[in-house]
Amino acid sequence: MGVWNGTDQEAEEIFHRFFVEEYEKLIRCAGIYLRAYDQRKPINGRSEITVQEMFTLAWERRQEVLSKEKPIGWLYNALQYKVMELLREENRWAKLLLRYEQQNMKPAEEPISLEVEFAGLVPDEDLELLYRIYLYGYSYNELCQEMGLTKSALAVKVHRIKEKIKKFF
């Protein structure tokens, strides 16, 4: 198929139709992918985040997507890559937290926790939030209800905590 030359307004209408018709199916598909890789963690919040990120990517590449013969197929392929990206990110953070926890443990002594390592870098409740998500498997829904936040507010909070830690290292 050729290059799509429509306007952004036309693209918005097409993407809105994609969103209305495919959103729930994409959520279920992301859930299936996530469940296939790790059945221990909850999937609902993670599925929704992955689909939203996929739609963001699709909008950024709207000319490419709309130029495809089957743009819906592009969305499902992109979703699979976004799920893999999410899993890599989660694994990376879980390993990072565990590694630093283990590095601070000295034999025959009281273990030093990450709270001491990150003292002053991030508040204790922020570090506890990362533990709960990446080590204990809490879902965003559970944490949102407990903390009284929306999913997007929680996602922004987690992103900011991770950025602070990244700057430190």
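FYI, it's all coordinate maths here, none of it is from the lab. Bear in mind that the values here come from a model prediction, so they are computed numbers and not experimental data. Here the Cβ positions follow ideal geometry from the backbone for every residue, glycine too, while neighbour counts run over all protein chains shown.
For residue 5 and residue 167 in the same chain, what is the full-extension length gain: residue separation times 0.36 nm, less their Cα-Cα distance, in nm? Walk me through the numbers on the way to the answer.
Numbers: separation 162, 0.36 × 162 = 58.32 nm, distance 4.13 nm.
This chain segment gains 54.2 nm when fully extended.
May I ask you to derive the FRET efficiency for residue 16 and residue 56 from their Cβ-Cβ distance with R0 = 22 Å, giving the value to the nearest 0.05? Intermediate values should be presented prior to the final figure.
Details: r = 15 Å, r/R0 = 0.66.
After rounding to 0.05, the efficiency reads 0.90.
What does the charge dipole of region 8-168 about its Cα centre add up to, to the nearest 20 debye, if the Cβ of each Lys and Arg holds +1 and the Cβ of each Asp and Glu holds -1?
Computed about the Cα centre, the dipole is about 480 debye.
For the pairs 25/82; 25/68; 82/167; 25/162; 25/157; 82/164, flag any whose C-alpha to C-alpha distance is greater than 22 Å.
Values: 25/82 15 Å; 25/68 20 Å; 82/167 24 Å; 25/162 30 Å; 25/157 28 Å; 82/164 24 Å.
The pairs that break the limit, which is 22 Å between Cα atoms, are 82/167; 25/162; 25/157; 82/164.
Please name which of 73, 63, 153 has its Cα lying farthest along the dipole of region 8-168 towards the positive end, using unit charges on Cβ (Lys, Arg +1; Asp, Glu -1) and the Cα centre as origin.
Final value for the positive-end residue is 73.
What is the fewest-to-most order of 72, 161 by other Cβ atoms lying within 10 Å of their Cβ? Please report the intermediate quantities before stating the final value.
Values: 72 14, 161 20.
Arranged by neighbour count, lowest to highest, 72, 161 become 72, 161.
What distance in nm lies between label points placed 7 Å from Cα along the C-beta direction at residue 101 and residue 64?
3.8
Per-residue HN-Hα couplings for region 7-16, Karplus 6.51 cos²θ - 1.76 cosθ + 1.60 at θ = phi - 60°, whole Hz, x for Gly and Pro?
The phi angles translate into 8, 5, 5, 5, 4, 4, 5, 5, 5, 4 Hz.
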